[in-house]
Amino acid sequence: MAFGMARDVLRPTDSSRADRVTYVELFFDLVFVLALTQLSAYLYDNQTSLGAFEGAIMVCALWWAWVSTTWVTNWLDPVKLPVRGAVITLAFVALVMSVSIAEAFGDRAWAFAIAYVVLQVGRTGFIVWATVRHDRAVARDFALVFGWTVAGGVLWIVGALLPLTWQLPFWAAALALELLGTVLGFPIPGRGKVLLRSWDLSGPHIAERTALFVLIAIGEGLLVTGFAFVEKESSASSIASLATAFVAAAAAWWIYFDHGERVGAEAIEASDEPARLARTAYTWVHLPIIAGIVLMSVGDKEMLSHPDERGLASTIVVVGAPILFLTGTLLFRHVLEGRWSRAQLFGLIALALLAGVAFAVPFFDALRLSITTAILLVGVAAGETVERLRRGRRAGG
């Protein structure tokens, strides 16, 4: 029997389904609410340089697992039963990966590594099998991706079997290999490499899927903050902390969504190389956006649990989170629109100055520092809106 799925499960290009985000994709995303919550808890409990390095590996791995699946469902039609079944299966594997995060650098390293490798290799192998009879060019490209993914998977598994001093470099090397493959086009000697300029994709689908994940990440932060609040007795500081966390989350939402995913969709549709633009804007640039939002939830929990805390760790968490977030959104705007947002540039400068002052002046405890960063984010959101109105561009677009 010839290799490959007999049924054509590619997304239709001549109907509204080509751009629509399906419910099964949203079901897959729900698993990552748990993943981000577990990651926030891990970062909160490990506010050290080692914990920061481990957290960076985790956030990169989670983002890579999610965004790679998004690219695959941009090619395949989740309405078709085989694809729907595959997405649900991948969601279960992602669930195993998520519940292993707390002990990913301990007793459950093997569980996290196996789940991550099964997710990455299984998803890539599935798209090769699903497309080889119907679009040989797509199948060839993902066969190249498959080779690199398997090589990275070996590093993940070997690292999980070794002590922590070796696990970290092996896992970092595995991530670096996957990211390097993306940059180079997953070349394999004698087989060529992936040529992104030949890829045709749905800009609205990629933009909406990523925007929904950003919304999930912001919601996860509110979830963490809410749980931390209900565990404490009500006081002036806890109520102020809750209000501050909400204001910061609302400001982050405003900064990202005031233009909406439509900007990205329009830019991709108008681009001569839509896949290259989508890779830069959504695969690469969104990583600091998501990392910043996750770190904001850690800072919110720190503010609620230790409002009087002063020190290097709390300053890095509270101020570093919005810096990461604004760095990502600033680059995102520049990639899509070819301009630098003045409001976000000024916000980054103000946050950098705030960090310097907080290191030097003992006045800023976690609560005061969080209130100040929230005010700065509100200022950036307001500045963004003023810029948009002056250019005459409508909200949400």
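Checking residue 57 against (1) closer than 26 Å to residue 205 by Cβ; (2) modelled with pLDDT of 90 or more; (3) not acidic (Asp, Glu), which single condition isn't satisfied? The one condition residue 57 does not meet is (1).
Being outside any helix (DSSP H, G or I) and of a type in the set (Val, Ile, Thr) is the filter here, so list the residues in the stretch 130-180 that pass it.
132
In this structure, residue 273 qualifies as over 14 Å from the mean Cα position of the chain (by Cα), surrounded by fewer than 22 Cβ atoms within 10 Å (Cβ to Cβ) and modelled with pLDDT under 85. Do we find a residue being assigned to a helix (DSSP H, G or I) and under 17 Å from residue 205 (Cβ atoms) anywhere in the stretch 77-85? Checked the stretch 77-85: at least one residue is assigned to a helix (DSSP H, G or I) and under 17 Å from residue 205 (Cβ atoms).
Being crowded, with 22+ Cβ neighbours inside 10 Å, closer than 20 Å to residue 39 by Cβ and modelled with pLDDT of 90 or more, is that true of even one residue in the stretch 306-318? Yes, the stretch 306-318 contains a residue that is crowded, with 22+ Cβ neighbours inside 10 Å, closer than 20 Å to residue 39 by Cβ and modelled with pLDDT of 90 or more. Residues that are surrounded by 14 or more Cβ atoms within 10 Å (Cβ to Cβ), touching a residue at least 40 places away in the same chain (Cβ under 8 Å) and more than 19 Å from residue 121 (Cα to Cα): does the stretch 158-178 have at least one? Yes, the stretch 158-178 has at least one match.
Look at (1) closer than 30 Å to residue 19 by Cα; (2) touching a residue at least 12 places away in the same chain (Cβ under 8 Å); (3) under 19 Å from the mean Cα position of the chain (by Cα) and you find that residue 284 fails only one, number (2).
So which residues in the stretch 44-69 are among the hydrophobic types (A, V, I, L, M, F, W, C) and closer than 11 Å to residue 102 by Cβ, if there are any at all?
58 - this is the single residue of the stretch 44-69 that is among the hydrophobic types (A, V, I, L, M, F, W, C) and closer than 11 Å to residue 102 by Cβ.
Quick one: which of 109, 86, 104 is open to solvent by less than 40 Å² (accessible area, probe 1.4 Å), farther than 30 Å from residue 197 by Cβ, aliphatic (A, V, I, L, M) and in contact with a Phe, Trp or Tyr (Cβ under 6 Å, 6 or more places away or on another chain)? The unique qualifying residue is 104.
All of (1) within 28 Å of residue 309 (Cβ to Cβ); (2) open to solvent by less than 30 Å² (accessible area, probe 1.4 Å) hold for residue 235 with one exception: (2).
Quick grid of which residues meet (1) modelled with pLDDT under 95; (2) among the β-branched types (Val, Ile, Thr); (3) buried (at least 22 other Cβ atoms within 10 Å of the Cβ):
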| residue | (1), (2), (3) |
| --- | --- |
| 323 | no, yes, no |
| 326 | no, no, yes |
| 335 | yes, yes, no |
| 342 | yes, no, no |
| 348 | no, no, no |
| 354 | yes, no, no |
| 362 | yes, no, no |
| 366 | yes, no, yes |
| 369 | yes, no, yes |
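Give the residues of the stretch 1-54 that are modelled with pLDDT under 90, surrounded by 20 or more Cβ atoms within 10 Å (Cβ to Cβ) and assigned to a helix (DSSP H, G or I), sorted by residue number. None; the set is empty. Restricting 75, 64 to those that are open to solvent by 20 Å² or more (accessible area, probe 1.4 Å) and under 20 Å from residue 22 (Cβ atoms) reduces the list to 75.
For the stretch 238-267, name all the residues that are in contact with a Pro (Cβ under 6 Å, 6 or more places away or on another chain) and surrounded by fewer than 16 Cβ atoms within 10 Å (Cβ to Cβ). Passing the criteria: none in range. Of all residues in the stretch 87-105, those satisfying the criterion of being without any contact (Cβ under 8 Å) to a residue 40 or more places away in the chain and over 21 Å from residue 70 (Cα atoms) are 100, 103. For the stretch 107-122, which residues satisfy the criterion of being in contact (Cβ under 8 Å) with a residue 12 or more places away in the chain and out of contact with any Ser or Thr (no Cβ under 6 Å at 6 or more places or on another chain)? Of everything in the stretch 107-122, those that are in contact (Cβ under 8 Å) with a residue 12 or more places away in the chain and out of contact with any Ser or Thr (no Cβ under 6 Å at 6 or more places or on another chain) turn out to be 109, 110, 113, 114, 115, 116, 117, 118, 119, 122. Each residue in the stretch 200-219 was checked for being at pLDDT below 90 and out of contact with any Asp or Glu (no Cβ under 7 Å at 6 or more places or on another chain), and 3 pass.
Residue selection: residue 155 fails the criterion of being without any contact (Cβ under 8 Å) to a residue 40 or more places away in the chain, over 24 Å from the mean Cα position of the chain (by Cα) and open to solvent by 40 Å² or more (accessible area, probe 1.4 Å).
The values are calculated or read from the model by the stated rules, or taken from the named source; none is laboratory data. Model, not experiment: these values are computed from the prediction. No Cβ is skipped: glycine too gets one built from the backbone with ideal geometry, and neighbour counts run over all protein chains shown. Surface accessibility is based on the protein's heavy atoms, side chains included, excluding ligands, DNA and RNA. Shrake-Rupley method; radii C 1.70, N 1.55, O 1.52, S 1.80 Å.
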